[in-house]
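Colleague: If you scroll down you'll find the structure; I have some questions about it.
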Amino acid sequence: MDTLTIKTENKFRSLVTKQAYPKSQIICEIPSEKVIDKANRYTIQIGRDRHTEVGKLSALNHACDPNVILDTERLLMVARYDIKPGEELSYFYPSTEWEMDAPFICLCGALNCIHVVAGARFLSLSTLEHHYLNRHIREMMIDLLNHTELHFSKILKG
Ligand SMILES: [Zn+2]
């Protein structure tokens, strides 16, 4: 965590690494001392109703083709690509967030840009299948589909 610094430009925060990380290397642990049941700007979702306050990591911005992965099962931040010193770190918000507190428009310019970042529940399966997703997100997506089945089976039974 000491190798990461918060950069602020026009009130816009970003998280920058002072050190290089090769692809697949663990960068740091995700703090989990303070878990609450509702999302805010300083939390990352690590379970169905579990949001952990992440301190410095709350400065991580979203990208649709990001350079880090947050693994909420092992509570680790891992390099997705080779990362150079001075590079900003970013991750794919819907990989942890089901329904975001403050949605926004993404202008990252990646070929696979999702444009509206509001949480995984607002993305199609054909979009999600191209991204790393944590277990709780996959489970919540399956629940959503099962709920749909229940809804339609009621209609079909009349
Ligand atoms: Zn984007």
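Laboratory data are not the source of any read-out in this text; all were calculated from the coordinates shown. Treat the numbers as computed from the prediction; the structure is a model and nothing was measured. No Cβ is skipped: glycine too gets one built from the backbone with ideal geometry, and neighbour counts run over all protein chains shown.
Colleague: For the stretch 146-158, in order, what is each residue's ³J(HN,Hα) by Karplus, 6.51 cos²θ - 1.76 cosθ + 1.60 with θ = phi - 60°, in whole Hz (x at glycine and Pro)?
Modeller: The phi angles translate into 5, 4, 4, 4, 4, 4, 6, 5, 5, 5, 5, 6, x Hz.
Colleague: Rank the residues GLU149, GLU29, GLU88 as a footprinting-exposure proxy: fewest other Cβ atoms within 10 Å of their Cβ go first.
Modeller: GLU149, GLU29, GLU88
Colleague: Taking amide H atoms as placed 1.01 Å from N in the peptide plane, list the residues 5 or more away in sequence, or in a different chain, whose amide H sits under 5 Å from that of ILE46.
Modeller: HIS51, THR52
Colleague: Taking H placed 1.01 Å from N in the peptide plane, check which residues at least 5 places from ALA63 or on another chain put their amide H under 5 Å from its amide H.
Modeller: Distant-sequence amide H within range of ALA63: TYR91, PHE92, TYR93.
Colleague: Further, regarding this structure: Given labels modelled 7 Å from the Cα in the Cβ direction, how far is it in nm from LEU156 to LEU125?
Modeller: Those two pseudo-labels are separated by 1.5 nm.
Colleague: Name the long-range amide H neighbours of ARG13: under 5 Å, sequence gap of 5 or more, or other chain; modelled H, no Pro or chain starts.
Modeller: The list, which skips near neighbours in sequence, is empty: none.
Colleague: I would also like to ask the following. Could you tally the net charge around ASP2, taking each other residue with its Cβ under 14 Å from the Cβ of ASP2, Lys/Arg +1 and Asp/Glu -1?
Modeller: In short, +1.
Colleague: Near LYS7, which lysines are there with a Cα under 22 Å away, not counting those fewer than 8 places off in the same chain?
Modeller: Within the straight-line limit of under 22 Å, LYS7 reaches these lysines: LYS18, LYS56, LYS84.
Colleague: Now, a different point. 222 nm [θ] for the chain, helices only, -39500 (n - 2.57) per DSSP H run of 4+, per residue, to 500?
Modeller: The per-residue figure over the chain is -5500 deg cm²/dmol.
Colleague: Normalized C-alpha radius of gyration of the stretch 29-72, against 2.2 N^0.38 Å?
Modeller: Cα Rg divided by the expected 2.2 N^0.38 Å: 1.12.
Colleague: Over the Cα atoms of the chain, each weighted equally, I'd like the Debye log10 I(q)/I(0) at q = 0.08, 0.10, 0.18, 0.21 Å⁻¹, rounded to two decimals.
Modeller: -0.25, -0.38, -1.13, -1.51
Colleague: Averaging sequence separations of C-alpha pairs under 8 Å and six or more residues apart, then dividing by the length of the stretch 38-158, give the relative contact order as a whole percent.
Modeller: Rounded, it is 22 percent for the stretch 38-158.
Colleague: Here's a follow-up. Work out the length of the dipole vector of the chain about its Cα centre, built from +1 on the beta-carbon of each Lys and Arg and -1 on the beta-carbon of each Asp and Glu, and round it to the nearest 20 debye.
Modeller: The dipole of the chain has a size of about 120 debye.
Colleague: From the backbone phi of the stretch 77-89, what are the Karplus-calculated ³J(HN,Hα) couplings (6.51 cos²θ - 1.76 cosθ + 1.60, θ = phi - 60°) in whole Hz, Gly and Pro given as x?
Modeller: Residue by residue, the stretch 77-89 yields 9, 10, 6, 8, 10, 5, 10, 9, x, x, 7, 6, 9 Hz.
Colleague: What list of ³J(HN,Hα) values in whole Hz, one per residue of the stretch 61-70 in order, does the Karplus curve 6.51 cos²θ - 1.76 cosθ + 1.60 (θ = phi - 60°) give from phi, with Gly and Pro shown as x?
Modeller: In residue order, the calculated couplings are 8, 7, 9, 7, 10, x, 9, 10, 10, 9 Hz.
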